[in-house]
Amino acid sequence: MHRHRLIFAAAVIAASAAVSRGAVAQRADAAALVRQAQAAIGGEAIAQARAVATTGVMHEYMIGNAERPEGPWRVSYSRFTELRPAGGTRLRRTEVSLGAAGNSPERITLLTDSVVTLRQGTNEMPALPMFHDDLSAYVAMHPDRALQLAAASAALRLERPVVRHGVVHDVVSFPWEGRRMSIELSRDSHLPVAVELHGEFAHDFRRAPFGDVRLRADYDNWTAEAGEVWWPHQYRVTLDGELLRDMTIATVALEAAELPAGLFVVSDSLRALYRDNARNSPPNFAFGSRGEPEELREGIIRMRDFWTMTAVRQDDGIILFEAHLTGRYLGQVLDYLAAKYPALPVKAIVMSSDPWAHVGGVREAVARGIPIYVHARSIPFLTRVVKSSHASHPDRLQRAPRAPRFIPVNRRTVIGTGTNRIELHPVGGAYAERMVMAYFPGHKLLYGSDLVFADRQQKGYFRTPAIELRRAVAREGLPVDSLFSVQARPAIAWTEFVPAPR
């Protein structure tokens, strides 16, 4: 018996050694491919440069910002100049937005170590951490920087090759900032023609609900620059296959001189303000951060935090409006309601709209088995959110999957009885085709979904959503006295809700 144990132990040791030798050999193969790619894009010329300066134009899709969550998206255009120092995560971008009604003033975005700031004229302010997530990934995914990171990684490995456009590409990958980065290297040119980053963007309230997303940059129009340097002049960036940015590079220059020290300096006061912003980032934001809940009517509680959630007490339970921000935040709201109404369960959630920014708590609601009233047209999109993988940072639904309980709203739908009875009505229209308004007959009170925006430039409210909400109220014949919404503004008289002039 003792002899058999020794033989088994020796076999295990031998197998482990073989695996270890295989991993070392695989890393050596991957490292050789990376060195070959570094030589192909410019070798020492890039390695010795102090910075890379580019100019170009960008066509950016505002993913999640449209009449419907599947798009097509609204678009912005800009002309930019970028300075990216060698090594590290730093970027200085100067850009002008190109609008249909005219161009915006010049804006400078500065990314340095753990801070992002925005400057326009004499005004300088800290950005949100979601900008840091986005820009640091943007910098790291540039071909030269991605190859530097790969060369420095002790966990570099060789993946299965892929075929793109009839050409075989070797693929190397390595961990980066809690995600995994992979680079596709053409066997013909040895150039790094694509970089992918797979993982979570927790600070971005549009990307976070989808968990492990795939950000991909395809690099095309490779051009011979001065000094045997090759550089792509077309960047095509996608998020889970959806086009996010299309960038055309006009000029590329390698800066040999030391950069002025002041270009990337951020004051202590701005750093302090950035830390304050970080506390309001989705994964950090806590229930009650912007004040105590308030009672709008008896049994109707508004929680005006990042956005507003509303709890409605009925005889047999609580109806909660919206599932914003994150699963953690929704859990804190549910804890508050359990303490306030210990004998009443949350019997349902009403989601009055479905933009990416407002669905962060959906998976938590599904995991807790809470039914969700939502416009019938929104169910396929929300099902996609529910099915998304959160394997890198498992949430409650990832750990214990369950089917959602969506209740479609495609006509007048009544919830409950008594003074706080709720009537749900689809709003409809070009802007509000997937939105649901809620009417409280006992109070002549209307919840206007995400359609109530005061126009700071004109007297009144944003014209398009205001017209569509007023049309829906007239269509349903609702006698409304007061109006409130998902936005954190006080309730107003219905007579005050006037569309701004064109």
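Can you grab the distance from the C-alpha centre of the range 435-502 to the C-alpha centre of the range 337-415, Å, no decimals?
Taking the Cα centre of each part, the range 435-502 and the range 337-415 sit 25 Å apart.
Calculate for the chain the 222 nm mean residue ellipticity that helices alone would give, adding -39,500 (n - 2.57) per DSSP H run of length 4 or more and normalising by residue count, nearest 500 deg cm²/dmol.
Value at 222 nm, helices only, nearest 500: -8000 deg cm²/dmol.
Go through Gln458, Gly64, Val366 and say which Cα lies farthest out towards the positive end of the charge dipole of the chain; charges sit on Cβ, +1 for Lys and Arg, -1 for Asp and Glu.
Val366
With labels modelled as points extended 7 Å from the Cα through the Cβ direction, what inter-label distance (nm, one decimal) is found for Ala224 paired with Val75?
Modelled inter-label distance: 3.4 nm.
What per residue convex hull volume, in Å³, comes out for the range 25-279 when only alpha-carbon positions are used?
It comes to 146 Å³ per residue, whole-number rounded.
Give me a comma-separated list of calculated 3J(HN,Hα) values for the range 106-119, in order, Karplus coefficients 6.51, -1.76, 1.60 applied at θ = phi - 60°, integers in Hz, x for any Gly or Pro.
Once θ is set to phi - 60°, the couplings for the range 106-119 become 4, 10, 10, 10, 10, 10, 8, 6, 10, 10, 10, 10, 10, 10 Hz.
Distance from a point 7 Å along Cα→Cβ of Val57 to each backbone N in the range 87-119: keep the residues under 19 Å and list them by number.
Inside the label zone: 94-107.
Under a Cβ-Cβ cut-off of 13 Å, what is the net charge of the residues other than Arg207 that fall near it, where Lys and Arg count +1 and Asp and Glu count -1?
That works out to -4.
Can you tell me what share of the DSSP beta bridges in the chain is antiparallel? A percent to the nearest 5 is fine.
Close to 90 percent.
Give me the count of lysine pairs in the chain whose alpha carbons sit under 26 angstrom apart, restricted to pairs 8 or more positions apart or on different chains.
4
With only Lys, Arg, Asp and Glu charged, each at its Cβ (+1 for the first two, -1 for the last two), find how big the charge dipole of the chain is about the Cα centre; round to the nearest 20 debye.
1280 debye
Quick note: the coordinates plus some simple rules give every number you see, no bench work behind them. Values in this document were obtained by computation on a predicted structure and should not be read as measured data. Using ideal geometry, Cβ is built from the backbone for each residue, glycine included, and neighbour counts are taken over all protein chains shown.
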